[in-house]
Amino acid sequence: MDYPSLSSAPFWPPAHFSEPRLFGISISDNITTFCSALVMSFKCGGILTGASGFIGSEGFPGVYPPNTKCTWKITVPEGKVVLLSFRFIDLESDNLCRYDFVDVYSGHTNGQRLGRFCGTLKPGALVANSNKMLVQMVSDANTAGNGFVAKFSATVPHHRGDQYCGGRLDKPSGSFKTPNWPDRDYPAGVTCSWHIVAPKNQLIELKFEKFDVERDNYCRYDYVAVFNGGEINDARRIGKYCGDSPPAPITSERNELLVQFFSDLSLTADGFIGHYKFRPKKLPTTTSPATTTLSPATTSDLSKNFIITGSVITTNIKGGSLHATISIINVYKEGNLAIQQAGKNLSAKITVVCKQCPLIRRGLNYVIMGQVEEDGKGKILPSSFTMTFKTKNQKILNILKNKQC
């Protein structure tokens, strides 16, 4: 009896079949990926052409090497566009993907970045706007993982279906929505990016009419992220949203906005529909100057402060400062503090800048109040407040969650 090869086998399991998962991926997908990887030898980058193929980190399924930068240039036949589907990903986890990451670009040079990915949450399908795509993996000197495997294939331009969404929006007004809206929940494992482009002398106003995305305190699983400009760049992120409350209306800084929707491979929800419109840069004369000047300042000040409780898990003295990693117990004011995730555990890095600053010791629990540096690290100054954390402090600290300042 002839058995079909893994590459030619139909998709299994069915969409509604529930099966065990490993690293957040169905067992059958893992088996297919690892079996395929065993007969391949992935190198650091390369030039790939054809209707389909696989790329992967060097040494997969072993641990990828440190201090590398690998670039893959993919070209599919003319008249098609590149579809990239991650089968497995396990890179050092960081909420800003600053250390080890995979970047995906539409085109080979000066293309739009479709996303930056790390950790173990597998992105949804990514579609280039041409027959060319560039994938780049960067690793630093420290923590590593098993890397990634992704399949590229040629697909029809502007193809629409459960896995495909997003695109360029350049009409004076319009709408965008999650796949399946409003008939049923959005699908799992989807990435959508809507690039909204207005004329250079205009701004973009954005609002969500209906909104229901899997809830999580840090929007780690399913989320909508909105960026000033045309690429996914956390330095220009306006906000990251989930839950069932629509975000407040958003106005772009310039003439471009990027709206990204991501769903992981587990729970889904109703989804959303959003509307946008262009307007002139100059505000109407009836707008209050006080409103436009005070609001950004207030937001900026709040973003520089944080309040957390946590356990000190590592300490290191460098240049007269103490650098520590805090395993987070609870967050009361996050600001722009960079919170990292490893499995279900959350952590943050802080710097105690001088010997006179409050002393913290490894293995103890603390309430820590401080400022956030531009790189997302917490900073503890002589004027900052820390104290040993005890369970009886919890009720008082919970009040902070409902405070506006």
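The values are calculated or read from the model by the stated rules, or taken from the named source; none is laboratory data. This is a predicted model, so every value here is computed, not measured. In this analysis, Cβ positions are derived from the backbone assuming ideal geometry, glycine residues included, and neighbour counts consider all displayed protein chains.
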### Query
Just one of the numbered conditions (1) more than 19 Å from Arg237 (Cα to Cα); (2) touching a strand residue (DSSP E or B) at 6+ places or on another chain (Cβ under 9 Å) is not true of Asn110; which one?
(2)
### Query
So which residues in region 161-179 are over 12 Å from Val259 (Cα atoms), in a loop (DSSP other than H, G, I, E, B) and modelled with pLDDT of 75 or more, if there are any at all?
Asp170, Lys171, Pro172, Pro179
### Segments classed as strands (runs of 3 or more DSSP E), wholly inside region 81-160, with at least 2 members that are in contact (Cβ under 8 Å) with a residue 60 or more places away in the chain
81-90, 113-117, 132-139, 147-155
### Query
Residues Pro182, Pro187: which one is over 14 Å from the mean Cα position of the chain (by Cα), in a loop (DSSP other than H, G, I, E, B), closer than 19 Å to Ser85 by Cα and not assigned by TED's automatic domain parsing to the domain that holds Leu337?
Pro187
